[in-house]
Structures are given as structure tokens and as C-alpha cells.
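Here's the structure we're looking at; comments come further down.
Just so it is clear, none of the values below were taken in a lab; they were calculated from the coordinates. Quick caveat, the model's predicted, so the values are computed rather than measured. Cβ placement follows ideal geometry from the backbone for every residue including glycine, while neighbour counts extend to all protein chains displayed.
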Amino acid sequence: MRRSPDQIIRLVAISLGGLAALFAAVELANTVTSETPSVPPVTDEPLQAELSRCRTLTPEELETDTTCRAAWAEQRRRFLGLPGDDPEKE
């Protein structure tokens, strides 16, 4: 029972396609994250704790929350290395 070259090429192509689909399914299964929300890390720094709280707010709540706006401004100031308003800390 001899097969023609066209049949062999077709069989190899189907096998490679199936193998690629199998690898894709395995990779997808490995990258799916759990549905449980992540717990923010416990920190002793008040700014980081406040930023963690601010990350849980909705955009509508953030518009009126002046504490979060101040915390983000301070984080931005620290990140960019801008001078602070408090002369005691410099």
C-alpha cells in the first residue's frame, strides 16, 4: 500500500497543524490567571497604602476624592525627582 507524495505532504501538514493547536492550547492553559482578586501587599509606608486604596476606586469616585489626587501627585513628584513642598524633608 504505497502512498503518493501528495498524500504524504497532506498527512504531514495536518499533523503539524494538530501539533501547533495542541501547543497553543497548552500555552493558553498555562497563561490563564485565576479569577480571585489579588490582595494588595501590606506596607508600612502610608503613601503606598493610600495608593493601593485609590487603585480600587472607580473613575467617578476618583474625581471627587482629593486624598487620592494628593497621593498620586506626591507619587508623581517622587518618581520624577521634583523638589517637595516640605523644606524639612530636603
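A Förster radius of 35 Å combined with the Cβ-Cβ distance from PHE23 to ARG2 puts the calculated FRET efficiency at roughly 0.65. Summary of packing: across the peptides 13-23, 44-54, the per-residue average of other C-beta atoms within 10 Å ranks them, highest first, as 44-54, 13-23.
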